[in-house]
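S.K.: The structure follows.
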Amino acid sequence: MSSWKKVSKTNQHVHRERHQPESRVHLGLLEKKKDYRQRAIDYHEKQRTLKLLKRRALDRNPDEFYFHMINSHVEDGEHKELEKDDEHTPDQIRLMQSQDIRYVTTKRTIEARKINRLQSQLHLLEAANQSKNTHVFFVDTKKEAKQFDVAKQLDTHPAMLKRRINRLRTATLKNMSLPEMDEAALEKLTAERDKAYIELEKRIDREKELRVIQQKLEIKRHLLNKKESKPERIKPSTKNTPPIYRWKYERKR
Amino acid sequence: MYLFIGGFKGGKNVIIEPHRHEGVFIARGKEDALVTLNMVPGEAVYGEKRISVEDGENKIEYRVWNPFRSKLAAAILGGVDQIYMSPGSKVLYLGAASGTTVSHVSDVVGPEGLVYAVEFSHRSGRDLLNMAKKRTNIIPIIEDARHPHKYRMLVGMVDTVFADVAQPDQARIVALNSQYFLKNGGHFVISIKASCIDSTAQPEAVFASEVKKLQADKLKPQEQITLEPYERDHAVVVGVYRPPPKSKGG
């Protein structure tokens with residue numbers, strides 16, 4: 001009767017699991033039968049393996065050879081297969097490289113177009129103020145040269161001299177009224193403009209990289225041409241320049 | 001008179017700053033560009049960007065002038081003192097090519113002024129002719145600038161000669177045309193590409209020798225400016241032709 005079973009259990013003694021005594025705590029958890037079995041099975045397995053390996057070592061044939069022995073190697077204690085290189089015919093290589101050049105050329109053209117489009121609206125006005133150029137005024141006599149005053153010649157305020165892109169005339173400066181400014185809008189537009197300038201800078205850098213890649217590939221393509229005589233290398237390539245080779249001059253018929 | 005147009009109030013996003021040279025402006029805001037007032041609103045000449053600004057009730061349209069493509073624009077942003085192309089003046093433009101810069105010069109001189117645009121190549125001349133149909137102040141001339149007598153019947157006296165012909169004998173071409181068409185005391189503006197004159201010499205030496213040649217032809221230089229950062233080894237020389245003698249008192 002299940003009801004009786006339940007009731008009888010209430011008076012039962014609860015058998016709790018035995019723990020490691022306090023004095024033997026340093027030995028770790030108390031091992032149970034279950035743990036012992038696991039340990040023993042593992043131990044015997046290892047023993048068996050050792051025995052087998054010893055047996056095999058004794059039975060080894062010194063003349064034994066498998067191809068796998070030379071098609072693989074041990075690296076940092078790990079057994080690795082040797083990988084074979086991909087195989088291509090010379091024609092396939094030529095085609096693949098010409099495709100590479102075409103891809104790079106296309107990308108470079110796209111980049112150049114985008115730079116042109118951006119530059120048509122962003123005229124580097126700040127850079128124009130800072131970059132160096134030479135501005136010469138011609139005068140008739142040495143005396144005039146000595147007395148030369150740039151601000152007076154340009155008819156502008158001396159403070160405007162550094163602002164090369166637009167040195168307003170004195171008369172203009174006197175009559176001018178400044179427009180009302182909305183600080184928030186100004187800040188937003190300046191941020192937008194700066195973003196465009198950063199894009200332009202990145203595109204110019206990328207175009208430069210692509211140009212170097214294109215030139216390097218072009219040289220490589222010429223070097224593959226077996227019909228031409230082997231050229232002499234004058235300069236190795238660097239990060240920013242392709243290598244320089246000199247071909248022997250051959251008269252075309 | 002000289003007012004900033006536009007502003008950032010009420011959703012406007014461009015402000016037009018008047019430039020030292022009349023007829024030229026600088027657009028600020030999202031753009032950062034040199035612009036001219038479009039004489040033919042609603043039309044772009046070579047696919048350049050147009051910026052429309054509301055000034056009170058009427059709309060004004062500006063065209064972006066790219067200094068990477070135009071030597072004159074590069075010289076203006078480089079801080080040249082004078083371009084002698086004020087509104088209403090007559091300009092002889094040698095080496096007009098497709099007329100990109102010519103269109104901006106026509107904007108600057110305005111409807112009162114005149115631009116005689118000389119170009120030898122028929123191919124670029126075609127674009128020039130098409131543009132001149134829309135702009136009444138441009139007179140296109142498809143002739144060799146070395147032979148000004150061939151178009152002497154078309155061109156009157158001019159105030160300024162602009163030359164961007166990139167030929168080794170550029171100085172001679174300018175001198176010839178000045179003799180025919182430039183008034184006494186008129187001005188010339190020449191763009192010199194050092195590699196076109198002598199690709200082996202130093203650019204400074206080339207500029208100096210060109211200035212010498214000009215002086216020999218009574219073209220007296222007043223200033224010379226190089227076009228960094230827009231062009232490398234380019235210079236623009238501005239000067240005066242047969243200036244009146246200085247009075248002793250002055």
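The values are calculated or read from the model by the stated rules, or taken from the named source; none is laboratory data. Because the structure is predicted, anything quoted here is derived from the model rather than measured. Note that we place each Cβ from the backbone using ideal geometry, even for glycine, and neighbour counts take in every protein chain shown. Just so you know, the surface numbers come from the protein's heavy atoms only, side chains and all, with ligands and any DNA or RNA stripped out. Shrake-Rupley method; radii C 1.70, N 1.55, O 1.52, S 1.80 Å.
S.K.: Please go through region A:175-190 and give me each residue that is more than 7 Å from every other protein chain (Cβ to nearest Cβ) and open to solvent by 50 Å² or more (accessible area, probe 1.4 Å), ordered by number.
M.R.: Answer for region A:175-190, where residues must be more than 7 Å from every other protein chain (Cβ to nearest Cβ) and open to solvent by 50 Å² or more (accessible area, probe 1.4 Å): A:Glu183, A:Ala184, A:Glu187, A:Lys188.
S.K.: Return the residues of region B:33-42 that are without any contact (Cβ under 8 Å) to a residue 40 or more places away in the chain and buried (at least 21 other Cβ atoms within 10 Å of the Cβ); say none if nothing qualifies. Steps first, answer last, please.
M.R.: The first filter runs over region B:33-42 and keeps only residues without any contact (Cβ under 8 Å) to a residue 40 or more places away in the chain, leaving B:33, B:35, B:41-42.
Once the filter is applied, which keeps residues that are without any contact (Cβ under 8 Å) to a residue 40 or more places away in the chain and buried (at least 21 other Cβ atoms within 10 Å of the Cβ), region B:33-42 yields B:Ala33, B:Val35.
S.K.: Please go through region A:69-88 and give me each residue that is on the phi < 0 side of the Ramachandran plot, open to solvent by less than 90 Å² (accessible area, probe 1.4 Å) and of a type outside the set (Ser, Thr, Tyr), ordered by number. Break it down stepwise before answering.
M.R.: Quick first cut of region A:69-88, residues on the phi < 0 side of the Ramachandran plot only: A:69-75, A:78-88.
From the residues that got through so far, the ones that are open to solvent by less than 90 Å² (accessible area, probe 1.4 Å) too are A:71-73, A:75, A:80.
Those that are on the phi < 0 side of the Ramachandran plot, open to solvent by less than 90 Å² (accessible area, probe 1.4 Å) and of a type outside the set (Ser, Thr, Tyr): A:Asn71, A:His73, A:Glu75, A:Lys80.
S.K.: Let me ask another. Among the residues of region A:118-174, write down those that are of a type in the set (A, V, I, L, M), part of a helix (DSSP H, G or I), open to solvent by 30 Å² or more (accessible area, probe 1.4 Å) and at the interface with another protein chain (Cβ under 7 Å from one of its Cβ atoms).
M.R.: A:Ala127
S.K.: From the set of residues in region B:1-32 that are outside any strand (DSSP E or B), at pLDDT 90 or above and more than 8 Å from every other protein chain (Cβ to nearest Cβ), which is most open to solvent (accessible area, probe 1.4 Å)?
M.R.: B:Glu22
S.K.: So, one more: Can you find a residue that is farther than 22 Å from B:Thr136 by Cβ, more than 11 Å from chain A (Cβ to nearest Cβ) and among the charged types (D, E, K, R) anywhere in region B:73-90?
M.R.: No: region B:73-90 contains no residue that is farther than 22 Å from B:Thr136 by Cβ, more than 11 Å from chain A (Cβ to nearest Cβ) and among the charged types (D, E, K, R).
S.K.: Every residue in region B:104-115 that is surrounded by 24 or more Cβ atoms within 10 Å (Cβ to Cβ) and more than 14 Å from chain A (Cβ to nearest Cβ), please. Lay out the reasoning, then the answer.
M.R.: Step one: list which residues in region B:104-115 are surrounded by 24 or more Cβ atoms within 10 Å (Cβ to Cβ), which gives B:104-109, B:115.
Listed by number, the residues that qualify are B:Val105, B:Ser106, B:Asp107, B:Val108, B:Val109, B:Val115.
S.K.: If you check every pair at least six apart or on different chains, which have Cβ atoms under 8 Å apart with a residue in region A:191-218 that is away from chain B (no Cβ under 11 Å) first and a residue that is among the hydroxyl-bearing types (Ser, Thr, Tyr) and open to solvent by less than 70 Å² (accessible area, probe 1.4 Å) second?
M.R.: Hits for this filter: A:Val212/A:Thr241; A:Gln214/A:Thr105; A:Gln215/A:Thr241; A:Lys216/A:Ser237.
S.K.: Same structure, new question: I'm trying to understand the selection: among the residues of region B:209-250, which are under 18 Å from B:Asp159 (Cβ atoms) and at the interface with chain A (Cβ under 8 Å from one of its Cβ atoms)?
M.R.: If the condition is that a residue be under 18 Å from B:Asp159 (Cβ atoms) and at the interface with chain A (Cβ under 8 Å from one of its Cβ atoms), then B:Lys220, B:Pro221, B:Gln222, B:Glu223, B:Gly239 are the ones that fit.
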